[in-house]
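Engineer: Dumping the structure here so I can ask a few things about it.
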Amino acid sequence: MARLIQMGSRAFRFVSSSKAVIPLLQRLNPEIERPFGSSFIQTRNYISEMRKSAFEENILRILRTEIQCELEIAPPQQPEAEFNSFTVEDRPGEQWIRLRGKYGDEEDIKIEVTMFDGSISVPKSTEDGQTEDTRLHISLIVDVSKGEGCDILEFVCSAWPDELEIQKIFMLKRDGLPARPYVGPDFKDLDDELQNAYQEFLEERGVNDELAVFLHGYMVNKDRTEFIRWLGNVRSFIEK
């Protein structure tokens, strides 16, 4: 037993002295490496870089394939710059567009339009029976003003694939809304005759079902364009 203790003590002294000697030898001879020294770290870094490179190259390959497929199957078209009496201001990289127009000599019309922001399912009859169809939704805000300093008549509308609906009507002041404004009833709660009058008011200014059809076609193209742009931006980031 004493012999085992003596052997263990010598082994402990050897390990302890080795820990002290190695740094001393390294100061005397810098070429002596620590256990698991720089060559080991360099090897690990090299393996990590290889894995990272392979991972990124796989993502880039998928992105390039996706972009190529999108361009071949349904290439985006040059967006329209005008629609009837309106000029169209596209917002590349953003989820909305703006239309501007005039009515007569005094009225300015500004329309801000979102990309597709919702949908509903509606029944559809086919040869095989009843099925469902999806109708995409676009929101738009129509501001009608009469020169600088005048209040704004604002319409919040829904554009469906083949029709435009008024949802709400506001009167806005140029200097902003008061803290707790009265915003009026929902459009559907108004008298039918008054609803028809407001719809005719907008139709007279070119805000009608034809505009809704145009906006849906425009947004289909914009949705495709923005998706391809997004894929390209991600690819460019990874390639850096």
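Engineer: HN-Hα J couplings of the range 68-79 from phi, Karplus 6.51/-1.76/1.60, θ = phi - 60°, integer Hz, Gly and Pro as x?
Structural biologist: Values, residue by residue: 5, 5, 4, 5, 7, 6, 8, x, x, 9, 4, x Hz.
Engineer: Sorted by mean Cβ packing within 10 Å, highest first, what order do the peptides 53-61, 79-87, 96-104 take?
Structural biologist: Working: 53-61: 11.0, 79-87: 13.6, 96-104: 16.0.
Averaged packing, sorted descending, gives the order 96-104, 79-87, 53-61.
Engineer: In sequence order, what are the phi-derived ³J(HN,Hα) couplings for the range 102-116 according to the Karplus relation 6.51 cos²θ - 1.76 cosθ + 1.60 with θ = phi - 60°, rounded to whole Hz, with x for glycine and proline?
Structural biologist: 10, 10, x, 8, 10, 8, 9, 10, 10, 10, 10, 10, 7, 6, 4
Engineer: Can you pull out the trypsin sites (Lys or Arg not before Pro) in the range 115-198 that DSSP calls coil and that have at most 16 other Cβ atoms within 10 Å?
Structural biologist: Details: sites: Lys124, Arg135, Lys146, Lys168, Lys173, Arg174, Lys188; in loops: Lys146, Lys173, Arg174.
Passing sites in the range 115-198 are Lys146, Lys173, Arg174.
Engineer: In this model, which of Lys146/Lys188; Lys110/Lys173; Lys102/Lys173; Lys168/Lys222; Lys146/Lys168; Lys110/Lys222 are farther than 23 Å apart at the alpha-carbon?
Structural biologist: Details: Lys146/Lys188 26 Å; Lys110/Lys173 15 Å; Lys102/Lys173 20 Å; Lys168/Lys222 26 Å; Lys146/Lys168 20 Å; Lys110/Lys222 20 Å.
Listed pairs above 23 Å: Lys146/Lys188; Lys168/Lys222.
Engineer: For labels at Tyr198 and Glu56 in the simple 7 Å Cα→Cβ model, what's the distance in nm?
Structural biologist: The modelled label-to-label distance comes out at 5.5 nm.
Engineer: How much length would be gained if the chain were fully extended between Ile152 and Tyr103, taking 0.36 nm per residue of separation minus their Cα-Cα distance, in nm to one decimal?
Structural biologist: Between Ile152 and Tyr103, full extension yields an extra 16.2 nm.
Engineer: Using only the Cα atoms of the range 82-239, build the gyration tensor, take square roots of its eigenvalues as a ≥ b ≥ c, and label the shape rounded, prolate or oblate: rounded if a/c is under 1.5, else prolate if a/b is larger than b/c, else oblate. The partial results should precede the final answer.
Structural biologist: Numbers: a/c = 1.91, a/b = 1.24, b/c = 1.55.
Oblate.
Engineer: Tell me which GluC sites (Glu not before Pro) from the range 140-227 have a DSSP coil assignment and no more than 14 other beta carbons within 10 Å of their own.
Structural biologist: Working: sites: Glu148, Glu154, Glu163, Glu165, Glu193, Glu200, Glu203, Glu204, Glu210, Glu226; in loops: Glu148, Glu163.
When the GluC sites (Glu not before Pro) of the range 140-227 are filtered for loop state and at most 14 Cβ neighbours within 10 Å, Glu148, Glu163 remain.
Each value in this text was obtained by applying a stated rule to the coordinates, not by laboratory testing. Predicted model, so just to flag it, every value in this text is computed and none were measured. Cβ sites come from the backbone with ideal geometry, for glycine too, and all protein chains shown count toward neighbours.
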